[in-house]
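Input: a single structure, listed below in structure tokens.
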Amino acid sequence: MLLNLPLLPSAGGFPLRDSGTHAAGSPDVRLVETDAGPHLFVVGGSRVYGLTEDQADDFRAAMAAGGEAAARLLADAGLDGPPAIADEPPTEMPMRSLSLAVAQKCNLACTYCYAQEGDFGGEAKAMPPEVARAAVRRLLGECPPGSKANLAFLGGEPLLARVVLREATEFAAELARDRGVRLGFSITSNGTLVRPDDGDFFERYGFAVTISLDGLGDVHDRQRPYKGGAGSFARVVENVRPLLAQQRRMQVSARVTVTPQNLDLPQTLDGLIGMKFHSVGFSPMLASPTGRGQLQAGDLDAVLAGMIACGTAFERRVRAGERYPFTNVVTALREIHRGTHRPYPCGAGAGYFGVSADGRLSACHRFVGDAAGDMGDLVDGVDRGRQQKWLAERHVHRQEPCRSCWARYLCGGGCHHEVLARGRPACDYIRGWLDYCLGAYVRLLTARPDYFAAGNP
Amino acid sequence: MPSLDPKNLSARLRYRAAGNPPTTTPVSAIANCFPGLEFDFRNLWRRIFVGIILHEADNLVVGVEPGVSPTIAALAGKRLVAVNGVAITAAVTGPQVVGGPVTQLVPAAFLEWTNALADIVTRPGATVPCTFQDDDPATGGPVGPATVVDLTVRAILTEGAIARDAVQPGELTQSLCSPWQNDYRECGCYYWAASRPDYVNVDTTGVASTGHNWLQKDRDPAVKDYFASNLITYEELFRNWPGLLRFVVQGNDSE
Ligand code: SF4
Ligand code: SF4
């Protein structure tokens, strides 16, 4: 896993029903009404409390009367205090995670690809080995002994640059050992070029392998064809099957990009979990370079319904004591249980950067080649001025309508890349999903407290 | 309104019992924890060895757990002097007066637990030989022949939290600082010293220095009386700290 990825991988984050400011509601609290009794979500510090029916009535009345009454009631309950998140952006964020665009080219022609068939709308490029090594040195040079870091390989299709990928991995593992840094590796691949010896290699270095699969059979093939038009599903499954059987240290997960063409999420989830992927997650496509494959407002209701159906299946399995690795809900429950609260959706431009084939740093893998997210280069390191400006401007307290949204510290304001490209068309979806997850949290905490024991989820 | 029931980890961390001020939550704590204003973490060490209960700030066995063997029961009242062959006391040497000769001041002073047990705390479940001697009431140190008993190291942290059987309810707060009493006069971690000068208007021209001691009873500026017998005592502080310390309340010295 990349460090600090958002609760909803690469989608804007999460969900609710009414957007922006809420006439009857409060930016500080949210009532979670479930059959496990009424609960309160306190936005500052992402805290969850159980309420008696009387307390719930008080909060319902206060929220109907508006945000100020709710804030007063919070103070009465002793839940006020200094703000959990300051207005000031963090300074001197150390680099802890890099993704290398080792191959800015691809053998597929996915309809919605942010990298526009792999080359980011430019010339196809491959990362020279010395650039990969410089990136590794830059990352590990900023990590003190004992710290944790992550090196990710992305593209295009990173396995088009297998030699550079392996060499960089070996070099990084050795350097990390020397420096006492706990370095994790990850790769996101389309799966069409995976060979059995790749499995051995990923296993040896404990890679988190993410395979992009958009559905079963035809559904996948329609979205992820080869450049010549033929479908890629059969080949991917054939290539990946040995890896699935082989996973010990390595974890092989599936990521599904959701477009208007593959909205049957429960079927996809069940099918991919059945194939023994370590976990399966959905990323709604909110902004593609051409607009093709982008979800529209009406589609998002269907995505939300599908996500909730998947979540409900997850709850059923967990209650029965079974494993059902639906990434989106597992991550959300973990973050809600911890009470994660943050002013950004992810670590992009903070501790995480993308590296282009020619050695430029960008705010993340999606900003490769995009001036909006340029962060300097490998030679001189992160451009601290640009980074500080980015962190100041992207802070959720500076975003509208996020400042008054109850989901702001879970969502973080939505994927920067999507927001800059398309604004915030998915807030109802995000809040709807988060509302569901808060309910699922309360239900499972009541029914299966053991699920939240340390080390789990 | 009665307290809401905290459910997730961030809510539990911010838990504030009804009636308690905001300073009672860890996030707003002063976090001086030795002995501590909110918690005294030294108490984590009291039950580090299964069967015996140690003093949080001394190597004395203050009790034993119910149902222990006669060998362990016999350890009550003794002093623990070595663990796994490593001494947990040390001789203290130094001059008695400035520039004086170096002599042995204390033959076997206790090294506080965090350092003394750093080696074994990471090995919960291990059995280690522990050496005990009798307590010498005259010196407060160990005396007599050594007894070696194998004891099991208890986990004091499990799953990132304090282990349930390592401290009993109330133990973490049973030995807090008493800032306006003992600890104001003689804080072991020199915390309070930072907020008031101890000894001022010092004249070092003579053999020994003279100056105004912050605890001298005679507050006349002409008197520089820093002899122990003329300073405010613990008992006087217990009985009348607001009067003796003369806090400034609303701009005025309190009486
Ligand atoms: S925080 Fe911002 S982007 Fe996220 S749901 Fe709320 S309004 Fe939308
Ligand atoms: S900005 Fe980049 S890292 Fe952050 S959520 Fe968007 S795509 Fe992911």
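The values are calculated or read from the model by the stated rules, or taken from the named source; none is laboratory data. Small disclaimer: the values here were computed from a predicted structure and weren't measured. A quick note on method: Cβ atoms are made from the backbone with ideal geometry, for glycine too, and the neighbour counts reach across all protein chains shown.
Computed quantities for the displayed model
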item	result
Segment A:87-127 - residue that is among the hydrophobic types (A, V, I, L, M, F, W, C), within 25 Å of A:Phe233 (Cβ to Cβ) and assigned to a loop (DSSP other than H, G, I, E, B) and, of those, farthest from the chain's Cα centre (by Cα)	A:Ala124
When residues of segment B:1-16 are limited to those that are part of a loop (DSSP other than H, G, I, E, B) and either more than 9 Å from every other protein chain (Cβ to nearest Cβ) or modelled with pLDDT of 90 or more (or both), the one surrounded by the fewest Cβ atoms within 10 Å (Cβ to Cβ)	B:Tyr15
Qualifying residues in segment A:402-423 (those that are surrounded by fewer than 22 Cβ atoms within 10 Å (Cβ to Cβ) and within 15 Å of ligand 2 (Cβ to nearest atom)) - the one nearest to the other protein chains (Cβ to nearest Cβ)	A:Val419
Residue that is surrounded by the most Cβ atoms within 10 Å (Cβ to Cβ) [pool: residues in segment A:428-443 that are within 9 Å of ligand 1 (Cβ to nearest atom) and under 16 Å from the mean Cα position of the chain (by Cα)]	A:Ile430
Residue in segment A:398-413 that is in a helix (DSSP H, G or I), out of contact with any Cys (no Cβ under 6 Å at 6 or more places or on another chain), away from ligand 1 (no atom under 11 Å from the Cβ) and polar (S, T, N, Q) present	no
Filtered residues of segment B:56-72 (kept if surrounded by 15 or more Cβ atoms within 10 Å (Cβ to Cβ) and farther than 21 Å from B:Phe41 by Cβ)	B:Val64, B:Val68, B:Ile72
Residue in segment A:128-136 that is at pLDDT 85 or above and part of a loop (DSSP other than H, G, I, E, B) present	yes
Given (1) away from ligand 2 (no atom under 15 Å from the Cβ); (2) surrounded by 24 or more Cβ atoms within 10 Å (Cβ to Cβ), index of the condition A:Thr446 fails	(2)
Hits in segment B:58-106 (condition: small (Gly, Ala, Ser) and assigned to a loop (DSSP other than H, G, I, E, B))	B:Gly67, B:Ser69, B:Ala74, B:Ala76, B:Gly77, B:Gly85, B:Gly99, B:Gly100
Those residues of segment A:361-395 which are surrounded by 20 or more Cβ atoms within 10 Å (Cβ to Cβ) and either within 16 Å of ligand 1 (Cβ to nearest atom) or basic (Lys, Arg) (or both), in sequence order	A:Arg366, A:Arg394, A:His395
Qualifying residue in segment B:131-144 (condition: buried (at least 17 other Cβ atoms within 10 Å of the Cβ), in the same structural domain as B:Glu56 (by TED's automatic domain parsing) and β-branched (Val, Ile, Thr))	yes
Unique residue being crowded, with 24+ Cβ neighbours inside 10 Å, within 20 Å of the chain's Cα centre (by Cα), within 16 Å of ligand 2 (Cβ to nearest atom) and within 14 Å of chain B (Cβ to nearest Cβ) when the list is A:Ala348, A:Ala332	A:Ala332
Selected residue (criterion: nearest to A:His337 (Cα to Cα)) from residues of segment A:41-95 that are within 10 Å of another protein chain (Cβ to nearest Cβ) and among the polar types (S, T, N, Q)	A:Ser46
Any hit, segment A:161-178, residues being outside any helix (DSSP H, G or I) and exposed (fewer than 15 other Cβ atoms within 10 Å of the Cβ)	no
The one condition in (1) more than 22 Å from A:Gly423 (Cα to Cα); (2) of a type in the set (Gly, Ala, Ser); (3) touching a residue at least 40 places away in the same chain (Cβ under 8 Å) that A:Ala348 fails to fulfil	(1)
